[in-house]
1. Using a 10 Å cut-off around each Cβ, can you sort VAL63, VAL243, VAL126 from fewest to most neighbouring Cβ atoms?
2. Quick one, could you list the DSSP H helices from the chain stretching 20 Å or more along their long axis (Cα atoms) with average Kyte-Doolittle hydropathy of 1.6 or above?
3. Would you compute, for the Cα atoms of the chain, the largest minus smallest coordinate along each principal axis and list the three values in descending order, in whole Å?
4. Gaussian network model of the chain, Cα springs within a sub-10 Å range: biggest mean-square fluctuation belongs to which of ALA221, ALA250, ALA197?
5. Could you put TRP271, TRP291 in order, starting from the residue whose Cβ has the fewest other Cβ atoms within 10 Å?
6. For the range 180-249, what relative contact order do you get, as a whole percent, if you take Cα pairs closer than 8 Å and at least 6 residues apart?
7. Which trypsin sites (Lys or Arg not before Pro) from the range 78-120 combine a DSSP loop assignment with at most 11 other Cβ atoms within 10 Å?
8. Averaging over all projection directions, find the projected area of the Cα convex hull of the range 35-157 and quote it in nm² with one decimal place.
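Throughout, read-outs are computed from the coordinates displayed, never taken from laboratory work. All values derive from a computational prediction rather than experimental measurement. Cβ: placed from backbone, ideal geometry, glycine included. Neighbour counts: every protein chain shown.
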Amino acid sequence: MEENENTVVDPLAGQMLPDEGLFGPGTPADAAAAARSERVGWRHNFRVFCRHKPAVAGLVYVVLLVLASFLGPAVFDLDYEKGDASETLIPFSAEHPFGTDQQGRDLLVRNLYAARNAIVVAVVSVLVGLLLGALIGAFAGYLGGALDLLTMRLVDIMFAFPQILLLILLLVAIPDSMDRRISMFVAIGLTSWAGYARLIRGQVMQARNEDYVEAARCLGASNSHILRKYILPNIAGPIIVAVSFGIPSAMMAESGMSLIGLGLRPPMPSWGNLIYEGAREMLGFPHLVLWPSITFGLTLLAFTFIGDGLGGVYGKDR
């Protein structure tokens, strides 16, 4: 193929492309081929995931729970604070499948709101921790040297310090005037970034010596461009698996803090405070603690199954 002065080499494809910027798009045929390859990859990953039946069941459960907890209260105008004094502590009825609590509030409605709060807090806090971990771990792994040494010592300190104690200290230090959900976003995110940083740092250290990275570096790409366009997309698999396991861990942290009074506070429902309130009446009215415990346990199990399925997709043994 004849070269000219307006031609550069795509470091990933090894093909001569028109100069549309250092790493600009290639021909329409190249773009179509890349899109087809990506679609084939996603179809293959989906088939591998579907072979893991517990993961599929977990995904179906999570999707149904998300739809019920986010759409149900809005569509049916359900209020978690609304109660009826004439219908207190009902174990089961057609109108209240999960029964009612001490104030006549429907436990099914309160469980749906608890699920919504847990999902929102877990997802946002994991994203906060992932963003911090990705920034710190990616640059430490790519640049190495003193930055890597300093960062890893900070990560070691984070792992040496009990996470639950640090979480409690942060929640105590955050003013009560702040929305408790925002407090949980910040606290859980700040106590979970170290694991993501260590994972991403190790993956980046493996990828930084690959041929396509060396080619991009030789063509003058900046470090941030190489990390953003080439390295991070190629190490997305382990990160996705880590996030899938991080969500149930964040849910447990949110519920645990609510159980001891540092998380979401009544009357706002959380699985932690629902279980705490139900445990006090467990002998006489076991439904108060039974339904929150079952729903919480099934949700954690579902996310764990999803993580196992994604591990099969992105793991080495496929």
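1. Details: VAL63 11, VAL243 18, VAL126 25.
Sorted ascending by nearby Cβ count, the order is VAL63, VAL243, VAL126.
2. Numbers: long enough: 28-50 (33 Å, -0.35); 53-75 (32 Å, 1.92); 107-143 (53 Å, 1.81); 145-160 (23 Å, 1.34); 180-207 (40 Å, 0.45); 236-259 (34 Å, 1.26); 287-314 (40 Å, 1.25).
Qualifying helices: 53-75, 107-143.
3. For the chain, the Cα extents along the three principal axes come out at 86, 42, 35 Å.
4. Checking each option, the largest mean-square fluctuation is seen for ALA221.
5. Numbers: TRP271 29, TRP291 20.
With the sparsest Cβ surroundings first, the list reads TRP291, TRP271.
6. Details: 20 pairs, mean separation 23.6, N = 70.
Normalised by residue count, the contact order of the range 180-249 is 34 percent.
7. On the way: sites: LYS82, ARG105, ARG110, ARG116; in loops: LYS82.
Hits after loop and neighbour filter: nothing returned.
8. Details: hull surface 54.5 nm².
Across all orientations, the range 35-157 yields a mean hull projection of 13.6 nm².
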